[in-house]
Each structure stands twice: as structure tokens, then as C-alpha cells.
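This is the structure I want to talk about, given as C-alpha cells.
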Amino acid sequence: MNASDYGLAGRGADLFTTLTGTFDFDAHEIPTVVELCLTATLLERLESAMASEDLIVMGSQRQPTANPILGELARHRGMYVRLYSALNLPELDEAGKHIDLSNPRSVRAQKAAQARWGKVSNG
């Protein structure tokens, strides 16, 4: 099972390699893993496109409006979270190692990683 077998690239290919190298998935879970990784690839492309765009653009009635890419980013980020949750995976650190949430040091490391990657946690 290779990322290239599913047309994955960039972040999605990296995620696929990490997930399939860390976990043993049943055959029925593979489509969800692939969709998760395709979503990660698409998010990477949307983020790249948005980097060179304005946040506010002219709407059809010449009114200022949010760039439509922002809505697509939000929609696909939500899909990513739902797909990841559907796999019921344990928390991983940035190296793909399991985080033991019962260990306070691990919890602190997880919060530091989330802050570093721009994920907000109120816990």
C-alpha cells in the first residue's frame, strides 16, 4: 500500500505514510484513511492558493466579501476532523508517536504541539 497508489501528494502522502506505518487498518478502514489523506492534500493546495489571495474580494454586486477559498478551507477542515474522528485514532505527536494522555508531561507536550501548529485548546 503506497500513497502514490491513491494519487496522494504532499501533506496527504506524508500523512498516509505515517498512519499506515503506525497503525494496522482493516480493509473497511482503508477508504476512510485515503479520504482523510486526500482531504489533507486538498487542504494543502487550498492553503497554498489562499496564501497569494486577498481575504476580501469583490462580490457579484461589487460589494466586499470574504474570499470563497476561506469557505472551502473551513468546509474541508471540518471534513478532515470528521474523517479523523471516524478512524478513532489515538492522539499522536508530530513524530507520529502515541501520546499517553494519562501522563501530565504528555498532556503538556500535546498542548505545546497544538499551539505550535495553530490548534487552539481550551483544556
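Read the figures in this text as sums done on the coordinates, not as results from a lab. Fair warning: this is a prediction, and the values are worked out from it, not measured in the lab. Cβ: placed from backbone, ideal geometry, glycine included. Neighbour counts: every protein chain shown.
Return the residues of segment 52-88 that are among the acidic types (Asp, Glu) and in contact with a helix residue (DSSP H, G or I) (Cβ under 8 Å, 6 or more places away or on another chain); say none if nothing qualifies. Write out each step before concluding.
Of the residues in segment 52-88, the ones among the acidic types (Asp, Glu) are 53-54, 72.
Those that are among the acidic types (Asp, Glu) and in contact with a helix residue (DSSP H, G or I) (Cβ under 8 Å, 6 or more places away or on another chain): Glu53, Glu72.
Suppose we keep only residues that are surrounded by 15 or more Cβ atoms within 10 Å (Cβ to Cβ) and under 14 Å from the mean Cα position of the chain (by Cα) within segment 46-74. Which one would you say is nearest to Pro90 (Cα to Cα)? Give the derivation first.
As a first pass, look at segment 46-74 and keep what is surrounded by 15 or more Cβ atoms within 10 Å (Cβ to Cβ): 46, 50, 67, 69-70, 72-73.
If we keep only those that are under 14 Å from the mean Cα position of the chain (by Cα) as well, we get 46, 72-73.
Working: Leu46: 27, Glu72: 27, Leu73: 25 Å.
Checking each candidate, the answer is Leu73.
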